[in-house]
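Here the structure comes first, spelled out in structure tokens, and everything after it is commentary.
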Amino acid sequence: MPITLPALPFAPGALEPHISARTFEFHHGKHHKAYVDNTNKLIEGTDLAGKELEAIIKAAAADPSKKGLFNNSAQVWNHSFFWQCLKPGGGGKPSGKIAAKIEAELGGYDKFAADFKNAGVTQFGSGWAWLVLKDGKLAIVQSANAETPLVQGLKPLLVADVWEHAYYLDYQNRRPDFLQAFLDHLINWDFANANLG
Ligand code: MN3
């Protein structure tokens, strides 16, 4: 079974005006698709062909000669995860288990929002801002390029893509505005709660 490009979990225009259909045309239809196609090319005819995506990422992360495969396969996973972190009419304060953990472990929602935004704004160059579980507690972490907490012993709960391709068509250089829209209008807290298990 080759690695496949998952469909977006919403219509491409469903998040407008915060993220445009045109951004998804490129971000999902071109960038994410290219990571899928490159991963399939790189595993073809190797012992990783037919393996699950997470197993491919972990094998590539452990082998410096497979940096290209790591970058592409991790980007497949990061993007598939990112789409699920978004929903029309999302964002704002969470409810459920994650709301209580944010209060108890991250100093409340307002502090979480400021710290998460800061993580995204200060990730130099391309990368990601994550909410993860680390030893059972919430933590906000950054990753560069394709790096993913999946291979760092952390459990990803929520992510924002801060590569320029995620926001440049809609926000140009205004990454902070994109992150504010993510916080206020886009976060799928049901997904983050489900990831807590
Ligand atoms: Mn991206």
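The values are calculated or read from the model by the stated rules, or taken from the named source; none is laboratory data. These figures come from a predicted structure and were not determined experimentally. Methodologically, a virtual Cβ is constructed for each residue, glycine included, from the backbone with ideal geometry; neighbour enumeration extends over all protein chains shown. These area figures cover heavy atoms from the full protein model, side chains too; ligands, DNA and RNA do not enter into them. Shrake-Rupley method; radii C 1.70, N 1.55, O 1.52, S 1.80 Å.
Of the residues that sit in the stretch 18-47 and are assigned to a loop (DSSP other than H, G, I, E, B) and either without any contact (Cβ under 8 Å) to a residue 24 or more places away in the chain or of a type in the set (D, E) (or both), which one is nearest to the ligand (Cβ to nearest atom)?
Pass one, the stretch 18-47, residues assigned to a loop (DSSP other than H, G, I, E, B): 18-20, 44-47.
Now narrow it down to the ones that are either without any contact (Cβ under 8 Å) to a residue 24 or more places away in the chain or of a type in the set (D, E) (or both): 44-47.
Details: E44: 24, G45: 28, T46: 25, D47: 29 Å.
The qualifying residue nearest to the ligand (Cβ to nearest atom) is E44.
Quick check: anything in the stretch 170-180 in contact with a Gly (Cβ under 8 Å, 6 or more places away or on another chain), modelled with pLDDT of 95 or more, assigned by TED's automatic domain parsing to the domain that holds A139 and not in a helix (DSSP H, G or I)?
Looking for residues that are in contact with a Gly (Cβ under 8 Å, 6 or more places away or on another chain), modelled with pLDDT of 95 or more, assigned by TED's automatic domain parsing to the domain that holds A139 and not in a helix (DSSP H, G or I), one finds none in the stretch 170-180, hence no.
Return a yes/no flag: does the stretch 31-45 have any residue that is farther than 30 Å from D177 by Cβ, loosely packed, with under 14 Cβ neighbours inside 10 Å and basic (K, R). Break it down stepwise before answering.
Narrowing the stretch 31-45 to residues farther than 30 Å from D177 by Cβ: 37-45.
Checking the rest, the ones that are also loosely packed, with under 14 Cβ neighbours inside 10 Å come to 41, 44-45.
Among the residues that remain, those that are also basic (K, R) are: 41.
Within the stretch 31-45 (the criterion being farther than 30 Å from D177 by Cβ, loosely packed, with under 14 Cβ neighbours inside 10 Å and basic (K, R)), the answer is yes, since at least one residue qualifies.
I need a count of the residues in the stretch 48-64 that are surrounded by 15 or more Cβ atoms within 10 Å (Cβ to Cβ) and either in a helix (DSSP H, G or I) or among the aliphatic types (A, V, I, L, M) (or both). Steps first, please.
Start the filter on the stretch 48-64 by keeping residues that are surrounded by 15 or more Cβ atoms within 10 Å (Cβ to Cβ), which leaves 48, 51, 53, 56-61.
Remaining after also requiring either in a helix (DSSP H, G or I) or among the aliphatic types (A, V, I, L, M) (or both): 48, 53, 56-61.
Final tally of qualifying residues: 8.
Write out, first by first residue and then by second, each pair whose Cβ atoms fall under 7 Å of each other, whose residues are 6+ apart or on separate chains, and whose first residue, in the stretch 66-89, is under 10 Å from N188 (Cβ atoms) while the second is within 12 Å of the ligand (Cβ to nearest atom) and open to solvent by 10 Å² or more (accessible area, probe 1.4 Å).
none
Could you say whether any residue in the stretch 69-91 is part of a helix (DSSP H, G or I), more than 16 Å from the ligand (Cβ to nearest atom) and of a type in the set (G, A, S)?
no
With P2, P6 as the choices, which residue is outside the structural domain of L150 (by TED's automatic domain parsing) and either open to solvent by less than 70 Å² (accessible area, probe 1.4 Å) or in a helix (DSSP H, G or I) (or both)? So that I can check it myself, show each step before the final result.
Working: P2 fails: either open to solvent by less than 70 Å² (accessible area, probe 1.4 Å) or in a helix (DSSP H, G or I) (or both).
Of the residues listed, the single one that is outside the structural domain of L150 (by TED's automatic domain parsing) and either open to solvent by less than 70 Å² (accessible area, probe 1.4 Å) or in a helix (DSSP H, G or I) (or both) is P6.
Can you tell which of V141, V159 is away from the ligand (no atom under 16 Å from the Cβ), in contact with a strand residue (DSSP E or B) (Cβ under 6 Å, 6 or more places away or on another chain) and either aliphatic (A, V, I, L, M) or farther than 18 Å from L196 by Cβ (or both)?
Details: V159 fails: away from the ligand (no atom under 16 Å from the Cβ).
Being away from the ligand (no atom under 16 Å from the Cβ), in contact with a strand residue (DSSP E or B) (Cβ under 6 Å, 6 or more places away or on another chain) and either aliphatic (A, V, I, L, M) or farther than 18 Å from L196 by Cβ (or both) holds for just one of V141, V159, which is V141.
Scan the stretch 162-173 for residues that are free of Cβ contacts under 8 Å to residues at least 12 places away in the same chain and away from the ligand (no atom under 12 Å from the Cβ) and jot them down. Show your work before the answer.
Let us first name the residues in the stretch 162-173 that are free of Cβ contacts under 8 Å to residues at least 12 places away in the same chain, namely 168, 171-173.
If the condition is that a residue be free of Cβ contacts under 8 Å to residues at least 12 places away in the same chain and away from the ligand (no atom under 12 Å from the Cβ), then Y171, Q172, N173 are the ones that fit.
Taking the stretch 134-169, which residues are part of a helix (DSSP H, G or I) and crowded, with 19+ Cβ neighbours inside 10 Å?
Matches in the stretch 134-169: P149, L150, A166.
Looking only at the stretch 120-138, filter to residues that are under 12 Å from the mean Cα position of the chain (by Cα) and in contact (Cβ under 8 Å) with a residue 40 or more places away in the chain; which one of those is farthest from the ligand (Cβ to nearest atom)?
So the residue we want is L131.
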